[in-house]
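No lab work stands behind these numbers, since they all come straight from the coordinates. What you see is a predicted model, and the numbers here were worked out from it, not measured in a lab.
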Amino acid sequence: MRRPIPTVVDDVLVGLGLVLLSIAGALWVSPPGPVPTASANAPTGDGGWKPLIDGDPPIAWPCNADLDVAINLARVPEAQRLQLVDDIDASLEHITAGSPYRLRRTYDLAVIPTEDTLADVAAAAGAEIVIAVDDLTQPDATDLLSPGAYGTGGLYYRGPHAYAGWVLLDVSALAGLTPGSGPRSHQALIIHELLHALGVGHTQHPTSIMQPALQSNTGLLADVDIAALARLNLLVCQK
């Protein structure tokens, strides 16, 4: 079954010379306050960010969107599951506090989505974004996550707007990262991939969490990331 609409995937790969992204060093694989409006001035200091899918405006969620997030952690060892739920909740709260988007965890998913089923799975869960952890050694592993990747984030879109996004994480790769927040942590990876699901691409800015390579000095949104999220939303609000 062919996908009916365009899709974008951003993989963070472990190792060099792999399919979508090859990077050196430690590897990725993603508040209250004024909300930008169509009349606001575009923020500056966004670190030379690039949208995940360019356009006029770039592909993004509708203006000032409220986004529900459903999760499936069935393939996470039970002893680690509660910590990962806490890390997902903290990541959603951190992005909500630093962006015009309001992300909220809602329901647990019964299945792990694939390229062909993502939109239906998200819709059935009443969510816009899906976060799932898979075991790539299993024969029924999702095709949204490439072998050798820590994680992937992306979105499906129709016209100028996204309508389904995903974050897929590899359960074995998570073991190499620190639970909680900070550099090289679960939350750093989740935040990075969630920003891809929101439509933000990579940047080489040294403080950004959206660098292609996992760095030892980034674990939370930097000012340049907050500016990039605001600009992306503003471009949509102005149309």
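What shape does segment 64-192 have by the C-alpha gyration tensor, where a ≥ b ≥ c are the square roots of the eigenvalues, rounded means a/c under 1.5, and otherwise prolate means a/b greater than b/c and oblate the rest?
Numbers: a/c = 1.62, a/b = 1.12, b/c = 1.44.
Since a/c reaches 1.5 but b/c is at least a/b, the shape of segment 64-192 is classed as oblate.
Round to a whole angstrom and tell me the spacing of the C-alpha centers of segment 204-230 and segment 97-168. Distance between centres, Cα-based: 22 Å.
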